[in-house]
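Reviewing the structure listed below.
Just so it is clear, none of the values below were taken in a lab; they were calculated from the coordinates. Predicted model, so just to flag it, every value in this text is computed and none were measured. Cβ coordinates were reconstructed from backbone atoms using ideal geometry, including for glycine residues, and neighbour counts include every protein chain displayed.
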Amino acid sequence: KNEVEQSPQNLTAQEGEFITINCSYSVGISALHWLQQHPGGGIVSLFMLSSGKKKHGRLIATINIQEKHSSLHITASHPRDSAVYICAVNPLSGGSNYKLTFGKGTLLTVNP
Amino acid sequence: DSGVTQTPKHLITATGQRVTLRCSPRSGDLSVYWYQQSLDQGLQFLIQYYNGEERAKGNILERFSAQQFPDLHSELNLSSLELGDSALYFCASSVVGAPSTDTQYFGPGTRLTVL
């Protein structure tokens, strides 16, 4: 079992829909990162969370440390949101403090 | 534009060969990370440097090595290449190299194809 599991693997939505992508992890963490990778490969860091909730524009990220779960929400989705969204965790210990462990990603397609 | 540069953008080579990938971090960032992204494995952490010193190692093969130079640019050397090494290789940089507090800025990647 991977340390970081994302669901769904693929998600297709209509423009304007509210989208949720989930990330579950099995280890204690210092922080969780959400990344966006557009076709063509470039990776952008969206959020870094260690507790609670963060909002940036139409994107909201939440984390529940006790339940080892995070969600990324996109409100009023737009075709330009089409990308792969990747969850990554920074494990707490075991010599892993400087590493990120990644989920396999969620491919989001937003149709006009 | 993240401010992180990587060269070359594409690299096509043959099995058994050796290649060098180069990364220049954002101005002011002291830490450089290297990642490999393949279709079946996803993103994997390879190695991290901070101010010229190796700080953390991930799933980096013995055939691979890296270094960070005094001007803070970094090189990833891949030798005795195999077909399975074909992947996207990303470099990222951050200010102090602590994933618990630092945002990482990713370069555009180098696509390596081993034939």
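Observations
- Straight-line reach from residue B:9: taking Cα to Cα under 18 Å and skipping same-chain neighbours fewer than 8 places apart, the aspartates and glutamates in range are B:1, B:75, B:85.
- Non-local lysine pairs in chain A, meaning eight or more places apart or on different chains, with alpha-carbon distances under 24 Å, amount to 13.
- Over chain B, the alpha carbon radius of gyration divided by the compact-protein estimate 2.2 N^0.38 Å works out to 0.99.
- Taking other C-beta atoms within 10 angstrom as a stand-in for reagent exposure, A:78, A:73 fall in the order A:78, A:73, fewest first.
- Going by neighbour counts of Cβ atoms within 10 Å, the residues B:32, B:114, B:96 line up, fewest first, as B:96, B:114, B:32.
- Here the protein assembly as shown is assigned +1 on the Cβ of each Lys and Arg and -1 on the Cβ of each Asp and Glu. Its dipole about the Cα centre then comes out at about 200 debye.
- For a modelled paramagnetic label at residue B:40, 7 Å from Cα along Cα-to-Cβ, the residues of the range B:53-97 in reach, with backbone nitrogen under 12 Å, are B:83-86.
- Top positive-direction residue, dipole computed over the protein assembly as shown with Cβ charges, set B:95, B:64, A:61: A:61
- R0 of 25 Å, Cβ-Cβ distance residue A:51-residue B:30: FRET efficiency to nearest 0.05: 0.40
- Working note: Cα gyration tensor of the protein assembly as shown, eigenvalues times five, square-rooted, sorted largest first, giving semi-axes of 29, 20, 16 Å.
- The smallest convex shape that holds all Cα atoms of the range A:36-89, its convex hull, gives 79 Å³ per residue.
- In this label model, residue B:5 and residue A:14 are separated by 4.7 nm, measuring between points 7 Å along each Cα→Cβ vector.
- Simple spin-label estimate for residue A:82 and residue B:80 in nanometres, 7 Å along Cα-Cβ: 4.3
- Exposure proxy for A:11, A:100: other Cβ atoms within 10 Å of each Cβ, ordered fewest to most, give A:11, A:100.
- Taking all Cα pairs closer than 8 Å and separated by 6 or more residues, the relative contact order of chain B comes to 37 percent.
- The calculated Kirkwood hydrodynamic radius for chain A is 14.1 Å, given to one decimal from all distinct C-alpha pairs.
- Residue-wise HN-Hα coupling along the range B:64-74, computed from phi with Karplus coefficients 6.51, -1.76, 1.60 (Hz; x: Gly, Pro): 9, 8, 8, 7, 10, 8, x, 7, 6, 6, 10
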